[in-house]
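> Dumping the structure here so I can ask a few things about it.
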Amino acid sequence: MRGSAYRSLVRSTAFAHSFKVCYSIYILNSMIGSSKTGAEEKQKAGIDMYGYRGRYRGRRKNIKFIAGLSAALIAVLAAACLVYVKDFYRADETALEALSSDERITVEQLDRTVVFMPEEPVCGLIFYPGGKVEHTAYAPLMRELAEEGVLCVIPKMPGNLAVLNPDAAEGIANRYPEITEWYLGGHSLGGSMAAAFAADHAEDYKGLILLASYSVADL
């Protein structure tokens with residue numbers, strides 16, 4: 001009887017021990033499975049994160065490429081503009097000779113203007129040079145007018161383009177208060193810009209002289 005009870009107790013204890021071992025293995029497997037699932041999710045998240053980073057890097061590369069291309073285009077356009085403004089019609093020998101003063105005409109080459117001053121001026125003319133034409137190239141014409149009593153002023157335009165300084169005549173007439181009648185004139189592009197200035201200062205000028213040009217303003 002005692003032996004039978006003892007064997008039953010041993011069996012019960014062994015069963016309990018086996019159950020605990022099996023349960024522990026089950027828990028351990030569950031934990032491992034959870035760990036694998038978490039790792040996979042983290043891995044997927046990592047893939048998504050790196051994928052996002054990849055797309056972000058790709059966008060940055062595109063932005064850099066576009067910025068570089070834009071800078072190159074701007075540089076090319078700037079170089080083309082520089083070549084364009086450097087290629088202009090220069091004053092010839094006749095024009096350079098007309099820049100000399102004599103007993104009748106005083107020629108002043110100032111910083112931004114060339115002035116042809118007669119002995120007794122009767123009126124004044126501010127003449128805008130044509131596009132891509134050196135302002136001193138008009139010296140022979142201005143000298144002939146000065147011999148007829150017209151004080152002539154030729155503004156020097158930036159890049160030899162009057163469109164870059166259409167208000168070049170501003171303040172010139174005030175330098176010669178003894179002259180009461182002033183005219184504006186210009187050749188080609190210079191004439192158009194002179195006309196535009198005259199339209200805004202019609203009360204200050206007696207007339208407008210255009211050579212191979214036209215007005216872009218309503219006069």
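> Just the residues that are assigned to a loop (DSSP other than H, G, I, E, B) and under 20 Å from Asn174 (Cβ atoms), please, taken from the range 121-134.
Pro121, Val122
> Do we find that Gly130 is touching a residue at least 40 places away in the same chain (Cβ under 8 Å), of a type in the set (Gly, Ala, Ser) and in contact with a His (Cβ under 7 Å, 6 or more places away or on another chain) in this structure?
Answer is yes for this residue.
> Determine whether Ala137 is crowded, with 19+ Cβ neighbours inside 10 Å, free of Cβ contacts under 8 Å to residues at least 24 places away in the same chain, not assigned by TED's automatic domain parsing to the domain that holds Ala80 and not in a loop (DSSP other than H, G, I, E, B).
No.
One line per residue, one yes/no per condition, for (1) of a type outside the set (D, E, K, R); (2) within 26 Å of Glu97 (Cβ to Cβ); (3) in contact with a helix residue (DSSP H, G or I) (Cβ under 6 Å, 6 or more places away or on another chain):
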residue: Ala146; (1), (2), (3): yes, yes, no
residue: Trp182; (1), (2), (3): yes, no, yes
residue: His187; (1), (2), (3): yes, yes, no
residue: Ser192; (1), (2), (3): yes, no, no
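> Let me ask another. Going by the structure shown, is Ala146 over 22 Å from Arg104 (Cβ atoms) and either touching a residue at least 24 places away in the same chain (Cβ under 8 Å) or under 27 Å from the mean Cα position of the chain (by Cα) (or both)?
Taking the combined requirement at face value, the residue does not satisfy it.
> Here's a follow-up. Please indicate, with yes or no, whether at least one residue in the range 92-102 is at pLDDT below 80 and either loosely packed, with under 10 Cβ neighbours inside 10 Å or in contact with an Asp or Glu (Cβ under 8 Å, 6 or more places away or on another chain) (or both).
No, the range 92-102 has no match at all.
> Just to check your reading of the model, which residue among Leu151, Leu184, Leu219 is under 34 Å from the mean Cα position of the chain (by Cα) and assigned to a strand (DSSP E or B)?
Leu184
> Collect the residues in the range 107-141 that are within 11 Å of Cys152 (Cβ to Cβ) and aliphatic (A, V, I, L, M), keeping them in residue-number order.
Selection gives Val107, Val114, Val115, Met117, Leu125, Ile126, Ala139, Leu141.
> Within the set of pairs 6+ apart or on separate chains, which have a first residue in the range 78-106 that is over 26 Å from Arg143 (Cα atoms), a second that is surrounded by 14 or more Cβ atoms within 10 Å (Cβ to Cβ) and at pLDDT 80 or above, and C-beta atoms under 6 Å apart?
Correct list of pairs: Val85/Gly159.
> Could you list, in sequence order, the residues of the range 173-214 that are of a type in the set (Gly, Ala, Ser) and without any contact (Cβ under 8 Å) to a residue 24 or more places away in the chain?
Answer for the range 173-214, where residues must be of a type in the set (Gly, Ala, Ser) and without any contact (Cβ under 8 Å) to a residue 24 or more places away in the chain: Ala198, Ala199, Ala202.
> Any residue at all in the range 152-171 that's closer than 24 Å to Arg90 by Cβ, surrounded by fewer than 20 Cβ atoms within 10 Å (Cβ to Cβ) and in contact with a His (Cβ under 8 Å, 6 or more places away or on another chain)?
For the range 152-171, residues closer than 24 Å to Arg90 by Cβ, surrounded by fewer than 20 Cβ atoms within 10 Å (Cβ to Cβ) and in contact with a His (Cβ under 8 Å, 6 or more places away or on another chain): present.
> Right, Glu178: assigned by TED's automatic domain parsing to the domain that holds Phe197 and over 32 Å from the mean Cα position of the chain (by Cα) or not?
yes
> Among the residues of the range 112-134, is any exposed (fewer than 12 other Cβ atoms within 10 Å of the Cβ) and among the β-branched types (Val, Ile, Thr)?
There is no residue in the range 112-134 that is exposed (fewer than 12 other Cβ atoms within 10 Å of the Cβ) and among the β-branched types (Val, Ile, Thr).
> Follow-up question, since we're still on this one. Confirm whether Gly159 is modelled with pLDDT under 95 and out of contact with any Asp or Glu (no Cβ under 8 Å at 6 or more places or on another chain).
Yes: the conditions hold for Gly159.
The values are calculated or read from the model by the stated rules, or taken from the named source; none is laboratory data. Computed from a prediction, not measured in an experiment: that's the story for all the values here. Glycine gets a Cβ as well: all are built from the backbone with ideal geometry, and neighbour counts include every protein chain shown.
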